[in-house]
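Computed from the coordinates by the stated procedures, all read-outs in this text should not be read as laboratory data. Keep in mind the model is a prediction, meaning the values are calculated, not measured. In this analysis, Cβ positions are derived from the backbone assuming ideal geometry, glycine residues included, and neighbour counts consider all displayed protein chains.
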Amino acid sequence: MDIILPVAGLGTRLRPHTWSKPKPLVTVAGKAMLAHVLDRVMPVKPEKLVFITGYLGEMIEEWARENYPDVELVFVEQPEMLGQSDAIYRTREHVNGDALMLFPDALFEADFTGLVDRAVDGVAFTKHVEDPSAYGVALLDDDGKITKLIEKPQEPVSHEAVIGIYYFKDMKELYSAIEEQMERNIQLKGEYFIADAIQIMIDRGARFEIEQIDIWEDAGNAEALLDTNQYLLSSEPPSPAQRTGSLIVPPSFVHREAKLEDAVVGPYASIGKGTVIRNSVVRDSIVEEDAEIVDAILQRSVIGSKSVIQGSARSISVGENGKVAL
């Protein structure tokens, strides 16, 4: 099985942090969001990881080559944001058999190990939601087969929200459906959506089923990122060593090369490598590498790398190299 990872998005909801790094590399609970996603797919022992890159794509490639040297890596570029189907279609020269496709905008808990044995053409992973109006949803027949995918229904025709994780038994069938989608110009606001290509496959007779998951944590904006940080620290609690003269309140992640001086850190704090926190309180926050927090009280804050924060109690979101005096 190959893994396809569309990571070309601009990450506008996470600015200012995504001005200087692609959204999948924003840190949560001590490491890049993309690392948490890959932790959950590597148990299937993928043949290759295929990254669809765009803005700041060279940073994704450098990070992947450094962290996954023992897996075949492929990088294709989506130079223009023409939608999900356009992105996936660019992998057609590299993926021939089955594949798992993930849009790494959220953290999830799922078991992918049995997919290759299922007698289906595809699987759409879903989460039950009470209000489906903000999601794409899957309609099922009595046999459990997907009959239709509907984007943001006004009436609650289904509570099975599709979450951007799909398995395809034969990617050639998807590429063929995307070609028809583009020929028929099935798009919305200038973008081609993968749900429309899947609907073409279903209309051709392909059997798609759902796989429900319970945990799906959006990380698309700063507030959601902090919630995901809380979830990860609670479910996979690290045990950072206490520092003399400071207090670390669990669950928190503090890199061993971070420096604390007269500081209280946590609960739910993630502190990156090389960061200095002096005479400050930091809780329920993410502070990336090489930042400096002095004489401040931070809560529900996201601080980019190399930022300098000096002042008093606030909740802020500061991008890389920012300087804030409060």
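Some points to look at:
- Which of Val162, Val302 has the fewest Cβ neighbours within 10 Å, and the rest in rising order: Val162, Val302
- Once the Cβ-Cβ distance of Ser176 and Lys273 is raised to the sixth power relative to R0 = 56 Å, the FRET efficiency obtained is 0.75.
- In plain terms, the chain from Met59 to Thr244 could stretch by 63.0 nm, reckoned as 0.36 nm per residue minus the Cα-Cα distance.
- For Ile297, distant residues with modelled amide H under 5 Å away: Val281, Ser312, Ala313, Arg314
- The phi-based Karplus calculation (6.51 cos²θ - 1.76 cosθ + 1.60; θ = phi - 60°) puts the 3J(HN,Hα) values of segment 146-153 at 6, 9, 7, 10, 10, 8, 6, x Hz, whole numbers, x for Gly and Pro.
- Listed residue pairs exceeding 25 Å between alpha carbons, taken from Lys45/Lys169; Lys21/Lys127; Lys152/Lys172; Lys23/Lys127; Lys127/Lys169: Lys21/Lys127; Lys152/Lys172
- FRET efficiency, 1/(1 + (r/R0)^6) with R0 22 Å, evaluated for Asp111 and Asp218 via beta carbons: 0.60
- Label-to-label distance, nm, for residues given as Glu130 and Glu183 (7 Å Cα→Cβ offset): 4.6 nm
- The alpha-carbon atoms of segment 2-218 define a convex hull whose volume equals 130 cubic angstrom per residue.
- Take the Cα of Glu80, step 7 Å toward its Cβ, do the same at Arg204, and the gap between the two points is 2.5 nm.
- Each of Glu191 and Leu73 was given a label point 7 Å from its Cα along the Cα-to-Cβ line. The distance between the two points is 2.6 nm.
- P(r) tail fraction, segment 112-156 - alpha-carbon pairs more than 15 Å apart, %: 51 percent
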